[in-house]
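Inspection log for the structure reproduced underneath, given as structure tokens.
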Amino acid sequence: MTLRIEPFGSGSGRLVHREGPDDILQLPADEITALFKSAGLVIFRGFTTSPQVMHDFAGRFSTRFNRDRLRPVVAGSDGYVQMVTEGMGYVEPHAEQANSPFRPDALWFCCSVPAAEGGETLAWDGVRLWEKLRPELKQLFRNKKLRFFQRYSNDKWQRFMGNGATLADVQTTLDGIEGVSYYVSPDDSIYLEYVCPAVVKTRYGGQDAFANSLLSERKNTLGDLMSFDDGSAISDDIVSEVQEAMKELEDAIAWHPGDLAFIDNSRYLHGRNAYTDTRRKIFSSLSFLNF
Ligand SMILES: [Fe+2]
């Protein structure tokens, strides 16, 4: 079977149309992995999907799943398919959990009901974005890493670590990770400081990609504390320049029922347009890849 593929958006993304049976699980895995390596963003259209189908499909390409700390889980998925529900407003561009040492390799979305208007998932190719940044800005981001601060309450870090994880398990994990310092409060919440580069190497091809959580984290709790690793401020001018460079690179996934998206989190940033339609139903999974 060969896939019917067309370009998607301004970057390397691709849209795969159904040619044969509507069972996405019958698509040839080797062709999908080859496509994903070069595209970084693949949307499958015309198939019959559900949270369970997405979980099964993603499972063919993944070693394990990771959870988002904010989203409710879907019954029967062992907690690894989640409803995308946090608010209805605009979501700033970000690489998933790139503000933490738990950054997954890939994101999966499937659409059951699109919003009548708005609610598109947005994507930006971090490789093209890095190419577009001014040389001086690139030098700055090469010289200085980003420093994020977060607080995880007891129930939140358990989602990351899996059910039954103890504080000792968390400490063992965190102690081994480069860039992490942390402090455990008397109430078992954890303050985490995480230092990581703004420009990362893509998982496939080792290209430089500006794929990080800079823009989204500024709006979050403790976002004010974010800085470069030497403590210097990341100015509004710097942020505006990045946002300006992103404008022409923005790709919008206008969801059709059944659409399934597979996104390389080492390459693409994603976000979302605002919407008001309460019937919108999009599901997501985060995973670590097996290829
Ligand atoms: Fe996200």
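Figures for the structure shown
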| item | result |
| --- | --- |
| Average accessible surface area per residue within the chain, 1.4 Å rolling probe, Å² | 44 Å² |
| Proximal charge balance of E131 [Cβ under 13 Å; K/R count +1, D/E count -1] | +2 |
| Accessible area of segment 128-246 belonging to carbon and sulfur atoms, whole % at 1.4 Å probe | 46 percent |
| Relative packing of peptides 121-134, 278-291 - highest average C-beta neighbours within 10 Å first | 121-134, 278-291 |
| Estimated inter-spin distance, D23 and E248, nm [label 7 Å along Cα→Cβ] | 4.6 nm |
| H270, H17, reordered so the largest accessible area comes first (probe 1.4 Å) | H17, H270 |
| Relative packing of 228-241, 198-211, 103-116, which averages over residues the other C-beta atoms within 10 Å, highest first | 103-116, 198-211, 228-241 |
| Cα-only radius of gyration and Dmax that characterise segment 183-240, units Å | 14.3, 45 |
| Segment 150-223 pair-distance distribution - Cα-Cα, 5 Å bins, rounded % | 3, 13, 20, 21, 18, 15, 8, 3, 0 |
| Cα-based equivalent ellipsoid, the chain: semi-axes from gyration tensor eigenvalues, Å | 30, 24, 18 |
| In degrees, nearest ten, helix 29-39 long axis to first principal axis of the chain (Cα) | 50 degrees |
| Rounded tilt (10° steps) of 236-246 against the dominant C-alpha axis of the chain | 20 degrees |
| Nearby lysines by direct alpha-carbon distance to K281 (threshold 29 angstrom, same-chain neighbours under 8 apart not counted) | K37, K156, K219, K247 |
| Built amide H within the under 5 Å cut-off of Y268, gap 5+ | G126 |
| W255 long-range amide H proximity, modeled H, under 5 Å | T121 |
| Expected 222 nm ellipticity per residue - DSSP helices of 4 or more, -39500 (n - 2.57), all of the chain, to 500 | -6500 deg cm²/dmol |
| P(r), alpha carbons of segment 214-291 - 10 Å bins starting at zero, rounded % | 11, 34, 35, 17, 2 |
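The values are calculated or read from the model by the stated rules, or taken from the named source; none is laboratory data. A quick note: this is a predicted structure, and the numbers were derived from the prediction, not measured. Neighbour counts are summed over all protein chains in view; Cβ atoms, including those assigned to glycine, are modelled from backbone coordinates with ideal geometry. Accessible surface areas use protein heavy atoms only, side chains included; no ligands, DNA or RNA. Shrake-Rupley method; radii C 1.70, N 1.55, O 1.52, S 1.80 Å.
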